[in-house]
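Only one structure is covered here, and it is reproduced in the block below.
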Amino acid sequence: MQRILVVEDDAATRELVAQYLSDYKFRVSVATTSAEAEKQLAEDVVDLVVLDLNLPDQDGLNFARRLREQSPIPIVMLTGRIEEVDRVLGLELGADDYITKPFS
């Protein structure tokens, strides 16, 4: 069973994404900060990171850049940032996909 780490500070979005992925038989863990995410990444194998860019302790773009330097784990950015420059920057920093909120 593949494991997905959802890094999202908004409780409603975090629960929605986690439940959706669980319904499709993924093993899901969650983190509300980049520090929590780093701890989980160090402790367990993760197959995909779903990453919000507006985290309380660090900009998600910086976290994605560091993660990409350390690991080939796929990253899907899930964010409210809708500007084209954010999308381009996110993909250039190593994200495999970029999804804007609200999403369906």
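Taking the numbered list (1) under 25 Å from Ser104 (Cβ atoms); (2) without any contact (Cβ under 8 Å) to a residue 60 or more places away in the chain in turn, Glu8 passes all entries but (2). Across segment 63-88, the number of residues qualifying as out of contact with any strand residue (DSSP E or B) (no Cβ under 6 Å at 6 or more places or on another chain), open to solvent by less than 70 Å² (accessible area, probe 1.4 Å) and in a helix (DSSP H, G or I) comes to 5. Scanning segment 17-59 for residues that are open to solvent by 70 Å² or more (accessible area, probe 1.4 Å) and aliphatic (A, V, I, L, M) turns up Ala42, Val45. For the structure I just gave you, tell me whether Pro56 is farther than 17 Å from Ala11 by Cβ and at pLDDT 90 or above. The answer is no for Pro56. In the set (1) in contact with a helix residue (DSSP H, G or I) (Cβ under 9 Å, 6 or more places away or on another chain); (2) of a type outside the set (S, T, N, Q); (3) crowded, with 19+ Cβ neighbours inside 10 Å, Arg14 fails one condition alone, (1).
Leu91 falls short on exactly one of the conditions (1) in a helix (DSSP H, G or I); (2) open to solvent by 80 Å² or more (accessible area, probe 1.4 Å); (3) modelled with pLDDT under 95, and that condition is (2). Among the conditions (1) touching a residue at least 60 places away in the same chain (Cβ under 8 Å); (2) within 14 Å of Val7 (Cα to Cα), Glu36 misses just one, which is (1).
The values are calculated or read from the model by the stated rules, or taken from the named source; none is laboratory data. Keep in mind that this is a model prediction, so the values were computed, not measured. Neighbour counts run over all protein chains shown; Cβ positions are idealised from the backbone, glycine included. Note: areas computed on protein heavy atoms with side chains; ligands, DNA, RNA excluded. Shrake-Rupley method; radii C 1.70, N 1.55, O 1.52, S 1.80 Å.
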